[in-house]
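The values are calculated or read from the model by the stated rules, or taken from the named source; none is laboratory data. Everything numeric here is computed off the predicted structure, so don't read it as measured data. Here the Cβ positions follow ideal geometry from the backbone for every residue, glycine too, while neighbour counts run over all protein chains shown.
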Amino acid sequence: MAVPLEQKLETILVVDDVDLVLDLVVLLLKDANYNVLQANSGAQALKVAAEYPGRIDLLLSDVKMSGMSGPDLGTALKLRREDLHVLFMSAFPGGDLLMLNYGWSYVQKPFVKAKLLEKVYSVLHSPNRSQGSRGFDTRKDSDPKEKVEPGRTPPTDSR
């Protein structure tokens, strides 16, 4: 069944402290028929989310912003809106590794429209809503004297 053109898709809260980037991302998402909320800081995003009576399906936020980082914003919003999906964007190299520590989804800036929309769709339709669990490896460091063969996981301390 086709979706009528006037029907909006999911609601996305876009947050970036660079107005040019914010405006461009908002335009791309609106052109793709998403309902878009926007904020230029973490504090403003918290206010927008608190005042918005409807469901917010996705937070799309820059990672590094003045005041409040994207991961801190994502963590705060997930406390209030557990069903929220989170997608971060950044122009800084290595951002994907940072996001792996949090369990968040990530897209590298700059991106083309098709890549952004593909990633947004993928995250929105993922059954994984447990993002933000700080999913990094919490095992204790192994004994540095212990030899570990390549491709094998060091044994964990079972105490």
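Answer yes or no as to whether Ser69 is more than 19 Å from Val120 (Cα to Cα), polar (S, T, N, Q) and surrounded by 15 or more Cβ atoms within 10 Å (Cβ to Cβ). Even if it seems obvious, please write down each step before you answer.
Values: more than 19 Å from Val120 (Cα to Cα): yes; polar (S, T, N, Q): yes; surrounded by 15 or more Cβ atoms within 10 Å (Cβ to Cβ): yes.
Here the answer is yes, as Ser69 does meet what is asked.
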Next on the checklist: For the structure I just gave you, tell me whether Glu10 is in contact (Cβ under 8 Å) with a residue 40 or more places away in the chain and touching a strand residue (DSSP E or B) at 6+ places or on another chain (Cβ under 7 Å).
Outcome noted: yes
Next on the checklist: So, in the stretch 55-66, how many residues would count as being surrounded by fewer than 17 Cβ atoms within 10 Å (Cβ to Cβ) and among the aliphatic types (A, V, I, L, M)?
Outcome noted: 0
Checklist entry - Is there a residue being over 16 Å from the mean Cα position of the chain (by Cα) and within 22 Å of Phe92 (Cβ to Cβ) anywhere in the stretch 26-34? => result yes
Checklist entry - What strands (runs of 3 or more DSSP E) lie completely within the stretch 41-159 and have 2 or more residues being at pLDDT 95 or above and either touching a Phe, Trp or Tyr at 6+ places or on another chain (Cβ under 7 Å) or not acidic (Asp, Glu) (or both)? => result 58-62
